[in-house]
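I have placed the structure first, in the form of structure tokens, so that the comments after it can refer back to it.
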Amino acid sequence: MRTFFHVQDIGDLKKALEEARAVKSNPFAWKSLGENRTVMIVFFNSSLRTRLSTQKAALNLGLSPIVLNIGQDSWKLETELGVVMDGDKSEHLREAIPVMGSYCDIIAVRAFASLSDRQADYSETILNQFVQYSGKPVISLESATVHPCQAFADLITIDEYRKSARPKVVLTWAPHPKALPQAVPNSFAEWMNAADVDFVITHPHGYELDPRFAGGARVEYDQMKALEGADFVYAKNWSCPGVANPADYGRILSQDLSWTVDEAHMAVTDNAYFMHCLPVRRNMIVSDAVIDSPRSIVIPEAANRVVSAQVVLKRMLEAL
Ligand code: AN0
Ligand code: CP
């Protein structure tokens, strides 16, 4: 595996889930696989789970992690090509990427969407420069349009908790005070479309996800109707994807608190589990009562980030 961006990169999902179970039940079985190998973990944005789980997954494999926070530990990096670098950016990505690549065997990168330039974000300009100039396998740790380590951990969690062969999974938009990227819902939709689940997306009008990720998924604009009989409720805020109207890209179109997942929403489900990738704003995305209830599985979901990262790193090490 040379890149981990999309569900297709992991191949057969049943095999990937079997591997996840094997890794989870015996995390240190591949302790010598990463010997004398290094993964560079690069952050352009904040993180709690991703930075910790990726390092933990590497350590389980005997793989040495190096973490770099761009602009804090490093020089501020210019990402645009062809600019006169007379501002506060001391170094260009064009040099920084091959230098980082020369110090490691695998590169993992977090670089969020700008939310200002749809064309640049949806062509993954930063992530693709890592592919082009590092010479190393690249993992997206949430780039402009995808968060595959999260979606894989979500699938592992659904597989663990499902009580039927084909559970109903509902992705619901929920309100948030700041504009957030579409990477998490894009990847969740892409992975759920590929998995054996009954998948429904619900959001206010204007929040339609890009069809390259959500294409084919059922969209139900009535949130309560969508939630009826759900086995899993996956809440997430995202800003306008700009599908119908590119001028609205990255904007907040609604802050309607009636979309906050509360006990009345959960009451119409089939005693569903509540999921969220975290970090979550309480009483914006989800009520205290729901996230504190025994049906909330946000902590085991976050714990599975180690498992998904370990399967991905293991596959990449095996292919080196
Ligand atoms: C980010 C997002 O919504 O993409 C990261 C989630 C894993 N969330 C925030 O910035 C709050
Ligand atoms: N879910 C997730 O990616 O969390 P962090 O942003 O804290 O890494």
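Output the helices (runs of 4 or more DSSP H) that fall wholly within segment 1-120 and possess 3 or more residues being at pLDDT 95 or above and under 22 Å from V184 (Cα atoms), or say none. So that I can check it myself, show each step before the final result.
On the way: elements: 13-25, 49-60, 93-102.
Of the helices (runs of 4 or more DSSP H) lying wholly inside segment 1-120, those with at least 3 residues that are at pLDDT 95 or above and under 22 Å from V184 (Cα atoms) span 13-25, 49-60.
Return the residue satisfying two criteria in turn: it lies in segment 258-286 and is touching a His at 6+ places or on another chain (Cβ under 9 Å) and within 15 Å of ligand 2 (Cβ to nearest atom), and of such residues it is most open to solvent (accessible area, probe 1.4 Å).
R281
When segment 205-244 is examined, which residues are found to be in contact with a strand residue (DSSP E or B) (Cβ under 9 Å, 6 or more places away or on another chain), open to solvent by less than 60 Å² (accessible area, probe 1.4 Å) and charged (D, E, K, R)?
Correct list: E208, E220, D231, K236.
Would you tally the residues in segment 33-86 being in contact (Cβ under 8 Å) with a residue 24 or more places away in the chain and farther than 23 Å from A183 by Cβ?
11
Have a look at V290, V268, V280 and point out the one that is of a type in the set (A, V, I, L, M), under 17 Å from D154 (Cα atoms) and free of Cβ contacts under 8 Å to residues at least 60 places away in the same chain. It would help to see each step written out before you state the result.
Values: V290 fails: under 17 Å from D154 (Cα atoms); V268 fails: under 17 Å from D154 (Cα atoms).
Exactly one residue qualifies, and that residue is V280.
So, in segment 43-69, how many residues would count as being away from ligand 1 (no atom under 16 Å from the Cβ) and either open to solvent by 40 Å² or more (accessible area, probe 1.4 Å) or in contact with a helix residue (DSSP H, G or I) (Cβ under 8 Å, 6 or more places away or on another chain) (or both)?
Total meeting the criteria: 13.
Does at least one position in segment 14-32 carry a residue that is touching a strand residue (DSSP E or B) at 6+ places or on another chain (Cβ under 9 Å) and under 18 Å from H147 (Cβ atoms)?
The initial filter retains those residues of segment 14-32 that are touching a strand residue (DSSP E or B) at 6+ places or on another chain (Cβ under 9 Å), namely none.
Looking for residues that are touching a strand residue (DSSP E or B) at 6+ places or on another chain (Cβ under 9 Å) and under 18 Å from H147 (Cβ atoms), one finds none in segment 14-32, hence no.
The values are calculated or read from the model by the stated rules, or taken from the named source; none is laboratory data. The structure presented is a predicted model; accordingly, all values stated were derived computationally and were not measured. Neighbour counts are summed over all protein chains in view; Cβ atoms, including those assigned to glycine, are modelled from backbone coordinates with ideal geometry. Only protein heavy atoms, including side chains, enter the accessible area calculation; ligands, DNA and RNA are left aside. Shrake-Rupley method; radii C 1.70, N 1.55, O 1.52, S 1.80 Å.
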